[in-house]
1. With r defined as the distance between the Cβ atoms of residue 34 and residue 127 and R0 fixed at 22 Å, what FRET efficiency is calculated, to the nearest 0.05?
2. Just subtract the alpha-carbon distance of residue 23 and residue 59 from 0.36 nm times their residue separation and send over the number in nm, one decimal.
3. Hey, in the GNM for the chain with a 10 angstrom Cα cutoff, which one of 77, 124, 20 fluctuates hardest?
4. Among (i) 18.6, 74; (ii) 25.6, 83; (iii) 13.7, 48, find the value of Rg and Dmax of the Cα atoms in Å that was calculated from the structure presented, and write down its label.
5. What is the fewest-to-most order of 12, 87 by other Cβ atoms lying within 10 Å of their Cβ?
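Nothing in this text is a laboratory measurement; each read-out follows from the coordinates by a stated rule. These figures come from a predicted structure and were not determined experimentally. With ideal geometry, Cβ positions are generated from the backbone for all residues, glycine too; neighbour counts draw on all protein chains shown.
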Amino acid sequence: MKTVSHHSALIYVMVIVSAADGVMSPNELRTIGDLVKTLPVFRDFDTTRLVAVSQECGEVLQEADGLAAALGLVKDALPEHLCETAYWLALEIALSDNRVALEEIRVIETIRRTLGIERLIAAAIERGARARHQIA
């Protein structure tokens, strides 16, 4: 059975959300790159591998039951303390286009359930993400 690192799992989450509506927008791709370059959780990740890891995720998503397979890899790879981080990353990607597609909402809810994030915790993370993206 294939396994991935916790870094790859976090990247998979972002790619999954970005691809949910069938279009990986330039804003979403830029946000993924920026987050990988700046967040402490990626401090020891070789950023030159970002494209390769993203492509690996895309290949998994193309398989039969690809979403379930990719999320299974994510769940197996993430330690419990990074599940909320993964959920926040999913929200950051969805919000990067200043609109959230229905498909993205469905995928984010699936991610929440897969990672076992309680609704109240998810609501707090969602509120923080929305506050971060507010404009005047």
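1. Using R0 = 22 Å, I get an efficiency of 0.50.
2. Here the answer is 11.4 nm.
3. Greatest mean-square fluctuation among the candidates belongs to 124.
4. Correct label, based on the coordinates given: (iii).
5. Least crowded to most crowded, the residues run 87, 12.
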